[in-house]
Each structure stands twice: as structure tokens, then as C-alpha cells.
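The values are calculated or read from the model by the stated rules, or taken from the named source; none is laboratory data. What you see is a predicted model, and the numbers here were worked out from it, not measured in a lab. Reconstructed Cβ throughout: ideal geometry from the backbone, glycine too, with neighbour counts over all protein chains shown.
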Amino acid sequence: MYLTRITAVAFAFILSFVSAETIAQEEWTLERCISYALEHNIQIKQSALQQESARLDKTQSLAQLFPNLNASTGFNTNFGRTIDPGSNSFVTDQVNSNNFSIGSSVTLFNGFRLLNSFKQSQTDLLAAEYDLQGLSNDISMNIATAFMQIMFSEELQSVAEQQLEVTKQQLERTKKLVDAGSLPAGNLYDVEAQLASNELQVINTENALSSAVLTLKQMLNLPASESFRIKRPLVDTPIETLGATTVGTVYDHALNNWPKIKARETRLESAQRGEKIAFANYTPTISANASVSTLFSSAYKNSYLDSSFNLIREDIPYGKQLDQNLSERVGFTLNIPIFNGLQSRTGVHKARLSRMNAELQLQDQKNQLYSSVQQAYNDATSAKRQYDASDKSVNAMEKAFEYSEQRFNVGMMNTLEFNTSSNNLTRSRSELLRSKYDYIFKMKVLDFYQGKPITFDSTK
């Protein structure tokens, strides 16, 4: 019996430890959410595949700079009148032949087309890498936004629950005063109506929190039925100020480091290489080639006259034929373009248009970045003012509510006035929370443009 109890206690301890570990594992930090999203996001995977494809294109364009090497062999059987490949004469017998060849060719000059193609593939690979970084940045910002919405909803729910608790306490005091005859029964009905309103507000905040959690889970591609909760980071009252930070300083940093700008710059460089490749079609092409070949033929005989002047035909061994028929060739080819149906001219014009379009896309991306930075700076400035105003409003409303509560308890304020004061305090606290998180997020956006990591931990 004693051993059974020890076993039961040990099992309960292990079970509680496992349960605690499971609960701890269910908590998702912001860093874990971002890391998980970047690992499982479909668009990220597609962008990584495009990057790998660009890497293969680079390897292929590099290989084009080297000579090629090809080998071939064949076996043929001919019947009836045919040409013996060994003696190059007509025969009427069945002829079995076997041939081998190996050859190589290399482009010596083609207007640097191959070299520019390799450099273009390098810039295309770099652009694909910047595309992946830009997409990762967008997803990280979206995850941070959804994560912060959950934190905001949790605090908003806490405010609603606190207000509900205050109303419940007020309901108990009002019941006692009504039972004692100090207040009319109508006051009790007003407080009960206020309680119902507060309960509805709690339900609304719970629904908003559930919706925020569902949004983040969908962004993480997690099943809706899976248990999920975030681990709240250290988020203090925002004290950051813009200080010496200006639109210009933020834009200059983003311009030199923003992946989408880098991607457009590398694509412009790629278009410039494409223009040089198109111009190469006007230049002559010089190539060199070399080959070695040999063959065997069953009809190829060694013929000679004996001492009696009889014609003797002897089979030549396989290896000896291959040695005797060994042939080597080296050559050079010059190809001069004269007229090719305006293909070169059209190609040059289209390449020039592509380069001009890449320049416009780069400028448009810079304009968008400046507008985004300017908007983020103005939003942060406005959010700071709204937060300061909301903080002052809450302080004033809390003092006003304390005074109203004292007057209501001694019967110097009716229920309607007290409920109005309570609702005003709730609204001001909710507005303070909204402005607080709005200000934190707007500052994080500015930090993001300046290359700082997305984190809510005040120690980082």
C-alpha cells in the first residue's frame, strides 16, 4: 500500500511536470512567431525556390565560358551494295562498322556576350536574394502587427473586467442602501443595467481577443483548433522620443539598406547588362573546334599479292584498324553578321526599353519608400501627442470618478450621473491603451526602417 502511494505521487509529479512543460511550450514569443512564419510561409518558400533557380542560372552561365566536350560512338550493319567506311570503296557484302569520335569547341570572341551574360546572372541572383529579404521583412512586420493586436486586446479585456468588478461592488452597496431605504429601487435598476452593459463589453473584448488570436494563427498556418497563447514581452509605457530623428535621416538609412531598393538597383544593373548583350549581336563571332575520330569496318581487308601473284585479303584486327583510321581535326570559324531580319536592331531597342523601365521602377520604389518613411514619421509624431493627451485624460477621469463614487455612496449623486462618470473612465482607459499601443507600433515602424530588429523587449 505504501509503495502504491509512492508510485501514485511520483506519477502525479511527473504528469504535472509534463503538463507544465506542455503549457510552457504552447506560449509563443514574438521571435518564435516570426521565425515560424518565415520557415512555413508559402510565399517565402516560393521566393526561396526562385532564388535557387537564379543560382542555377548563374552556374549555367559560368559553364558557358568553358569549352564543351562531347563523345559519340555508333554501330551499323549494311546489306547489299554499300560503301565500305574503312576503304571508301563499293562492296556488296554485309558490312559491320563501328565508329568513335570525341570533339570540343569553344567561343573565343562574341562581343563579350557570354561574359556579360554571366555578370547578369550574378545580379539576377542578388536581386532574388533581396526579394527574399524584402518579403521576410513584410511578413515580420505583419506578424508583429498581429502579435501587438493580441496584446492590446488582452489589456482591453482586462480593463473591461476591472470595470465589471467595480460595477458588481457598486451593485452590492446599492442593494444595501435600497434595502435600508436610503435609496429608491430605481437606483438599483440603473446599476443592474450598467452591470449588463459591462458584461456585454467583456464579451465583446473576449470576441475581439479571439479574433486577434485567430488572425495570428492563420498567418502562421496553424489549425484553428490548436491551443495557442502568446508570451507577453516586457512592454513599458513608451518613453521614446523622436529627438534628432528626422524624415531625412530615416530615409537615408533605409535608402542604403532597404531590400526592395537593393532589388531594384540590381535589376537595373541586370538590364544594363542585357543592353550590352543585345549590342553583342552586331559583332563577329570567333570560335575554335577540335575533334578526334576513328572507325572499324568488317569489310576493310589488308590486300596483297603472294609469290604466285594471287590476291590475298586478310582481316585487319579491331585494335589495329582503330589505330590506322585515327583522324584528328582542328579548325576555326568566323561568323560575321550582315543581315538577320532586323533581329539585332530590334533586340537592342527592346533591351534599351527594358533598361529605361528598370530606371523608372527604381525611382518609383524610392518615391514609395520616401512616402512610407514620411508617413511613418508623421504617424509616430501624432501618436506621441495622442498618447500624452490620453494619459492626461485618464488621470483627470480617475480623479473625477473617485469624487463621483464618494458622492454616490453618500447619496449626493444619482445613478445616471455615476454611470456616466464610470463609462467616461472606461472610454478614457480604452483610448489610453489604444494610443499606447499605437505609439509603440509607430515607433517600431520607424526603428524597422532604420534596420533595428522587431522586438518589444525593453532590455533589447
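Worth a mention:
- Residues that are at pLDDT 90 or above and among the basic types (Lys, Arg) within segment 358-391 comprise just one, LYS366.
- Tally of residues being among the aromatic types (Phe, Trp, Tyr), without any contact (Cβ under 8 Å) to a residue 40 or more places away in the chain and surrounded by 14 or more Cβ atoms within 10 Å (Cβ to Cβ) across segment 365-407: 1
- In segment 72-101, the residues that are among the hydroxyl-bearing types (Ser, Thr, Tyr), touching a residue at least 40 places away in the same chain (Cβ under 8 Å) and either surrounded by fewer than 12 Cβ atoms within 10 Å (Cβ to Cβ) or assigned to a loop (DSSP other than H, G, I, E, B) (or both): SER87
- Residues of segment 212-239 that turn out to be under 30 Å from THR381 (Cβ atoms), surrounded by 13 or more Cβ atoms within 10 Å (Cβ to Cβ) and either out of contact with any Leu (no Cβ under 9 Å at 6 or more places or on another chain) or modelled with pLDDT of 80 or more (or both), as a count: 8
- Here GLY86 meets each of (1) small (Gly, Ala, Ser); (2) over 56 Å from the mean Cα position of the chain (by Cα); (3) over 18 Å from SER327 (Cβ atoms) with one exception, condition (3).
- Considered as a group, the residues in segment 318-364 that are under 30 Å from LYS301 (Cβ atoms) and out of contact with any strand residue (DSSP E or B) (no Cβ under 6 Å at 6 or more places or on another chain) include one that is surrounded by the fewest Cβ atoms within 10 Å (Cβ to Cβ), and that residue is GLY319.
- Of the residues making up segment 256-298, those that are loosely packed, with under 15 Cβ neighbours inside 10 Å and either within 24 Å of TYR130 (Cα to Cα) or in contact with a helix residue (DSSP H, G or I) (Cβ under 7 Å, 6 or more places away or on another chain) (or both) are ASN256, ASN257, TYR282.
- Identity of the residue in segment 173-231, among the hydroxyl-bearing types (Ser, Thr, Tyr) and in a loop (DSSP other than H, G, I, E, B), that ends up farthest from ASN424 (Cα to Cα): SER225
- Scanning segment 211-222 for any residue that is more than 22 Å from GLU155 (Cβ to Cβ), among the basic types (Lys, Arg) and without any contact (Cβ under 8 Å) to a residue 60 or more places away in the chain turns up nothing.
- Residues in segment 114-140 that are over 8 Å from the mean Cα position of the chain (by Cα) and of a type in the set (S, T, N, Q): ASN116, SER117, GLN120, SER121, GLN122, THR123, SER140.
- Out of LEU115, LEU108, one residue alone is surrounded by fewer than 19 Cβ atoms within 10 Å (Cβ to Cβ), at pLDDT 85 or above and outside any helix (DSSP H, G or I). It is LEU108.
- Looking only at residues of segment 152-192 that are β-branched (Val, Ile, Thr) and within 58 Å of the chain's Cα centre (by Cα), we find that the one that is surrounded by the most Cβ atoms within 10 Å (Cβ to Cβ) is VAL191.
- All positions within segment 257-285 that are at pLDDT 95 or above and in a strand (DSSP E or B): none
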